[in-house]
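The values are calculated or read from the model by the stated rules, or taken from the named source; none is laboratory data. Just so you know, these numbers come straight off a predicted model, no measurement behind them. Here Cβ is always computed from backbone atoms with ideal geometry, including for glycine, and neighbour counts include all displayed protein chains. Heads up: the accessible areas ignore ligands, DNA and RNA and are worked out on the full protein's heavy atoms, side chains in. Shrake-Rupley method; radii C 1.70, N 1.55, O 1.52, S 1.80 Å.
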Amino acid sequence: FTALHYRGNGSSGHQLRHGLAAKPKMVWVKKLSGNEGWYVYLEAMGNTKYHRLDDASSYGSSSGYWNNTDPTATHMILGNSGAVNSNGGKYMMYSFGDSDITKVGTYTGNGSGSGPSITLGFTPRMLVIKKLEANSPWCLFDSYALDLDSSGDEKVLYFDDLATKPDDEDFVDTTGTGFDVKDNDSKVNSNGSTYLYWAHK
(Lines give C-alpha, C1' and ligand atoms only; values in the text may rest on other atoms or scores of the structure.)
Protein backbone atom coordinates (compact mmCIF):
# COMPACT_ATOMS: atom_id res chain seq x y z
CA PHE A 1 0.00 0.00 0.00
CA THR A 2 1.24 3.51 -0.83
CA ALA A 3 -0.19 7.02 -0.51
CA LEU A 4 0.92 10.15 -2.36
CA HIS A 5 -0.14 13.63 -3.38
CA TYR A 6 0.27 14.92 -6.93
CA ARG A 7 -0.64 17.77 -9.27
CA GLY A 8 -2.42 17.10 -12.54
CA ASN A 9 -1.27 18.37 -15.90
CA GLY A 10 -4.49 17.98 -17.91
CA SER A 11 -2.83 15.77 -20.51
CA SER A 12 -3.70 12.18 -21.39
CA GLY A 13 -0.89 9.77 -20.55
CA HIS A 14 0.25 11.60 -17.40
CA GLN A 15 2.53 9.14 -15.54
CA LEU A 16 2.89 9.00 -11.77
CA ARG A 17 5.19 6.80 -9.71
CA HIS A 18 2.89 4.73 -7.46
CA GLY A 19 5.65 3.42 -5.19
CA LEU A 20 4.63 -0.25 -5.10
CA ALA A 21 6.99 -3.09 -5.92
CA ALA A 22 4.63 -4.36 -8.66
CA LYS A 23 1.62 -3.27 -10.73
CA PRO A 24 -1.22 -2.09 -8.48
CA LYS A 25 -4.30 -4.26 -8.12
CA MET A 26 -6.45 -1.28 -7.09
CA VAL A 27 -6.02 2.53 -7.03
CA TRP A 28 -8.17 5.23 -5.38
CA VAL A 29 -7.90 8.87 -6.53
CA LYS A 30 -9.52 11.90 -4.84
CA LYS A 31 -9.30 15.50 -6.03
CA LEU A 32 -8.45 17.86 -3.17
CA SER A 33 -8.85 21.14 -5.05
CA GLY A 34 -12.38 20.61 -6.38
CA ASN A 35 -15.74 18.93 -5.87
CA GLU A 36 -15.06 15.44 -7.23
CA GLY A 37 -15.72 11.93 -5.94
CA TRP A 38 -13.37 9.05 -5.19
CA TYR A 39 -12.46 7.35 -8.49
CA VAL A 40 -11.26 3.74 -8.51
CA TYR A 41 -9.10 1.71 -10.87
CA LEU A 42 -9.44 -2.08 -10.55
CA GLU A 43 -7.11 -4.49 -12.28
CA ALA A 44 -9.98 -6.98 -12.30
CA MET A 45 -12.08 -4.63 -14.48
CA GLY A 46 -9.36 -3.47 -16.84
CA ASN A 47 -8.01 -0.06 -17.83
CA THR A 48 -11.15 1.18 -19.64
CA LYS A 49 -13.43 0.94 -16.57
CA TYR A 50 -13.89 3.09 -13.50
CA HIS A 51 -15.83 2.83 -10.24
CA ARG A 52 -16.47 5.28 -7.39
CA LEU A 53 -16.28 4.70 -3.65
CA ASP A 54 -18.80 7.38 -2.79
CA ASP A 55 -21.43 6.60 -5.45
CA ALA A 56 -22.18 2.92 -6.09
CA SER A 57 -24.36 3.80 -9.10
CA SER A 58 -21.47 5.60 -10.86
CA TYR A 59 -19.39 3.18 -12.92
CA GLY A 60 -18.67 2.68 -16.58
CA SER A 61 -16.11 3.00 -19.36
CA SER A 62 -14.04 6.06 -20.24
CA SER A 63 -10.49 6.75 -21.38
CA GLY A 64 -10.55 9.95 -19.32
CA TYR A 65 -9.57 8.21 -16.10
CA TRP A 66 -6.86 5.61 -16.77
CA ASN A 67 -6.11 6.48 -20.42
CA ASN A 68 -7.14 2.93 -21.47
CA THR A 69 -3.62 1.97 -20.35
CA ASP A 70 -2.53 -0.60 -17.79
CA PRO A 71 -0.33 0.67 -14.97
CA THR A 72 3.24 -0.57 -15.00
CA ALA A 73 5.36 -1.96 -12.17
CA THR A 74 6.43 1.63 -11.44
CA HIS A 75 3.83 4.07 -12.82
CA MET A 76 0.10 4.77 -12.88
CA ILE A 77 -1.08 6.32 -16.17
CA LEU A 78 -3.90 8.87 -16.11
CA GLY A 79 -6.30 10.22 -18.72
CA ASN A 80 -7.39 13.84 -19.02
CA SER A 81 -10.55 13.81 -16.88
CA GLY A 82 -10.66 16.65 -14.37
CA ALA A 83 -11.66 14.10 -11.74
CA VAL A 84 -8.14 12.64 -11.79
CA ASN A 85 -5.93 15.00 -13.84
CA SER A 86 -6.93 18.63 -14.28
CA ASN A 87 -4.09 21.02 -15.07
CA GLY A 88 -2.73 22.26 -11.73
CA GLY A 89 -5.30 20.28 -9.75
CA LYS A 90 -4.28 18.78 -6.40
CA TYR A 91 -4.96 15.09 -5.78
CA MET A 92 -4.21 12.19 -3.48
CA MET A 93 -3.75 8.64 -4.72
CA TYR A 94 -3.82 5.39 -2.76
CA SER A 95 -2.36 2.31 -4.48
CA PHE A 96 -2.94 -1.28 -3.34
CA GLY A 97 -0.98 -4.43 -4.15
CA ASP A 98 -0.49 -7.91 -2.70
CA SER A 99 1.83 -8.81 0.18
CA ASP A 100 1.94 -11.06 3.23
CA ILE A 101 -0.47 -8.72 5.04
CA THR A 102 -2.81 -7.43 2.34
CA LYS A 103 -4.56 -8.99 -0.66
CA VAL A 104 -6.75 -7.72 -3.49
CA GLY A 105 -8.66 -10.30 -5.50
CA THR A 106 -12.02 -11.53 -6.77
CA TYR A 107 -14.42 -14.40 -6.18
CA THR A 108 -17.53 -15.66 -7.95
CA GLY A 109 -20.76 -15.82 -5.98
CA ASN A 110 -22.82 -19.01 -5.78
CA GLY A 111 -26.09 -17.61 -4.39
CA SER A 112 -25.98 -20.06 -1.48
CA GLY A 113 -26.19 -19.49 2.26
CA SER A 114 -22.87 -21.31 2.35
CA GLY A 115 -20.88 -19.17 -0.03
CA PRO A 116 -17.31 -19.16 -1.34
CA SER A 117 -14.34 -19.69 0.97
CA ILE A 118 -11.40 -17.38 0.25
CA THR A 119 -7.84 -18.29 1.21
CA LEU A 120 -5.54 -15.34 1.95
CA GLY A 121 -2.81 -16.85 4.10
CA PHE A 122 -3.91 -14.78 7.11
CA THR A 123 -6.98 -13.85 9.17
CA PRO A 124 -8.24 -10.45 7.95
CA ARG A 125 -8.88 -7.69 10.47
CA MET A 126 -10.26 -5.41 7.77
CA LEU A 127 -12.25 -6.52 4.72
CA VAL A 128 -13.89 -4.65 1.83
CA ILE A 129 -16.23 -6.39 -0.65
CA LYS A 130 -17.76 -4.85 -3.81
CA LYS A 131 -20.00 -6.46 -6.41
CA LEU A 132 -18.54 -5.49 -9.78
CA GLU A 133 -20.49 -3.89 -12.65
CA ALA A 134 -23.61 -3.45 -10.54
CA ASN A 135 -25.32 -0.76 -8.49
CA SER A 136 -24.17 -2.33 -5.24
CA PRO A 137 -22.35 -0.71 -2.30
CA TRP A 138 -18.77 -1.06 -1.12
CA CYS A 139 -19.11 -3.11 2.10
CA LEU A 140 -16.62 -2.50 4.92
CA PHE A 141 -16.02 -4.99 7.75
CA ASP A 142 -13.41 -4.79 10.50
CA SER A 143 -12.50 -6.50 13.75
CA TYR A 144 -11.95 -3.27 15.69
CA ALA A 145 -15.39 -1.62 15.71
CA LEU A 146 -17.59 -3.82 13.50
CA ASP A 147 -17.18 -7.29 15.10
CA LEU A 148 -15.57 -9.06 12.16
CA ASP A 149 -14.60 -12.53 13.47
CA SER A 150 -15.57 -16.19 13.22
CA SER A 151 -18.55 -16.08 15.59
CA GLY A 152 -21.42 -15.03 13.36
CA ASP A 153 -23.15 -11.64 13.22
CA GLU A 154 -20.99 -8.64 12.40
CA LYS A 155 -21.67 -5.04 11.48
CA VAL A 156 -21.13 -3.63 8.01
CA LEU A 157 -20.65 -0.04 6.81
CA TYR A 158 -21.28 1.13 3.25
CA PHE A 159 -18.84 3.67 1.79
CA ASP A 160 -21.52 5.40 -0.31
CA ASP A 161 -24.07 5.79 2.53
CA LEU A 162 -22.58 8.09 5.14
CA ALA A 163 -25.92 8.76 6.86
CA THR A 164 -26.64 5.13 7.78
CA LYS A 165 -25.39 3.51 10.97
CA PRO A 166 -23.74 0.08 10.69
CA ASP A 167 -26.08 -2.76 9.72
CA ASP A 168 -26.16 -5.97 11.74
CA GLU A 169 -25.58 -8.81 9.27
CA ASP A 170 -24.03 -12.27 9.01
CA PHE A 171 -22.35 -11.82 5.63
CA VAL A 172 -18.87 -13.19 6.37
CA ASP A 173 -16.84 -15.10 8.96
CA THR A 174 -13.07 -15.03 9.30
CA THR A 175 -11.00 -18.21 9.27
CA GLY A 176 -7.41 -18.94 10.22
CA THR A 177 -6.40 -18.48 6.59
CA GLY A 178 -9.01 -16.09 5.12
CA PHE A 179 -12.77 -15.65 5.17
CA ASP A 180 -16.01 -17.49 4.36
CA VAL A 181 -19.02 -15.82 2.73
CA LYS A 182 -22.04 -16.86 4.83
CA ASP A 183 -25.05 -15.28 3.12
CA ASN A 184 -26.73 -15.14 -0.28
CA ASP A 185 -27.38 -11.39 -0.07
CA SER A 186 -26.65 -9.80 -3.44
CA LYS A 187 -24.13 -7.40 -1.86
CA VAL A 188 -21.77 -10.32 -1.24
CA ASN A 189 -23.03 -13.47 -2.99
CA SER A 190 -25.28 -13.41 -6.07
CA ASN A 191 -25.02 -16.56 -8.15
CA GLY A 192 -22.51 -16.06 -10.97
CA SER A 193 -21.63 -12.47 -10.03
CA THR A 194 -18.02 -11.34 -9.59
CA TYR A 195 -16.95 -9.65 -6.36
CA LEU A 196 -13.83 -7.66 -5.55
CA TYR A 197 -12.28 -8.04 -2.11
CA TRP A 198 -9.54 -6.17 -0.33
CA ALA A 199 -8.36 -7.85 2.86
CA HIS A 200 -5.82 -6.59 5.39
CA LYS A 201 -4.22 -8.46 8.27
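Taking the full set of protein chains and a 1.4 angstrom probe, give the accessible area of residue 48 in square angstrom, rounded to the nearest 10.
Answer for residue 48: close to 50 Å² accessible.
Report the semi-axes of the equivalent ellipsoid for the stretch 85-201 in whole Å, largest first, where each axis is √(5λ) for an eigenvalue λ of the Cα gyration tensor.
Equivalent ellipsoid semi-axes, largest first: 24, 17, 16 Å.
If you take all C-alpha pairs in the chain, what percent of them are over 28 Å apart?
Result for the distance tail: 27 percent.
Ignoring ligands, DNA and RNA, how do 126, 76 rank by accessible area with a 1.4 Å probe, largest first?
126, 76
Given charges of +1 on the Cβ of Lys and Arg and -1 on the Cβ of Asp and Glu, with all other atoms neutral, how large is the dipole of the stretch 1-145 about its Cα centre, in debye to the nearest 20?
Dipole size: approximately 220 debye.
Tally up the carbon and sulfur contribution to the accessible surface of the chain as a whole percent, 1.4 Å probe, everything protein left in place.
That share works out to 43 percent.
How far apart, in nm, are the 7 Å Cα→Cβ label points at residue 99 and residue 72?
2.3 nm
Starting at the first residue of the stretch 33-45, write each ³J(HN,Hα) from the Karplus equation 6.51 cos²θ - 1.76 cosθ + 1.60 with θ = phi - 60°, in whole Hz, x for Gly and Pro.
Along the stretch 33-45, the couplings run 10, x, 8, 10, x, 8, 9, 10, 9, 10, 4, 5, 9 Hz.
Can you list the HN-Hα couplings for the stretch 46-59, worked out from phi with the Karplus curve (6.51, -1.76, 1.60; θ = phi - 60°), rounded to whole Hz and with x for Gly and Pro?
After applying 6.51 cos²θ - 1.76 cosθ + 1.60, I find x, 7, 8, 9, 9, 10, 9, 5, 8, 8, 5, 7, 9, 7 Hz.
Mind telling me which of 132, 42, 20 comes out most flexible in a GNM of the chain, alpha-carbon contacts under 10 Å?
Looking only at 132, 42, 20, the largest GNM fluctuation is found for 20.
Would you list 52, 125 from the most to the least accessible area, probe 1.4 Å?
Ranked list, largest accessible area first: 125, 52.
Could you please put 75, 200 in sequence from largest to smallest accessible area, using a 1.4 Å probe?
Final ranking, largest accessible area leading: 200, 75.
Quick one: length gained pulling residue 44 to residue 61 fully straight, 0.36 nm per residue minus the C-alpha distance?
Value of the extension gain: 4.8 nm.
Looking at the chain as a GNM with Cα springs under 10 Å, which of 87, 189, 110 has the largest mean-square fluctuation?
The residue with the greatest mean-square fluctuation here is 87.
What are the ³J(HN,Hα) couplings of the stretch 169-185, residue after residue, when phi is run through the Karplus curve with 6.51, -1.76, 1.60 and θ = phi - 60°? Round to Hz, x for glycine and proline.
For the stretch 169-185, the Karplus-derived couplings read 9, 10, 7, 9, 10, 7, 10, x, 10, x, 8, 10, 7, 10, 8, 9, 4 Hz, x marking Gly and Pro.
Enter the Cα centre distance for the pair the stretch 23-38 and the stretch 128-201, rounded to the nearest angstrom.
Centre-to-centre (Cα) distance: 22 Å.
First check a/c for the stretch 24-87, with a ≥ b ≥ c the square roots of the eigenvalues of its C-alpha gyration tensor; if it is under 1.5, answer rounded, and if not, answer prolate when a/b is larger than b/c or oblate otherwise.
In terms of gyration-tensor shape, oblate.
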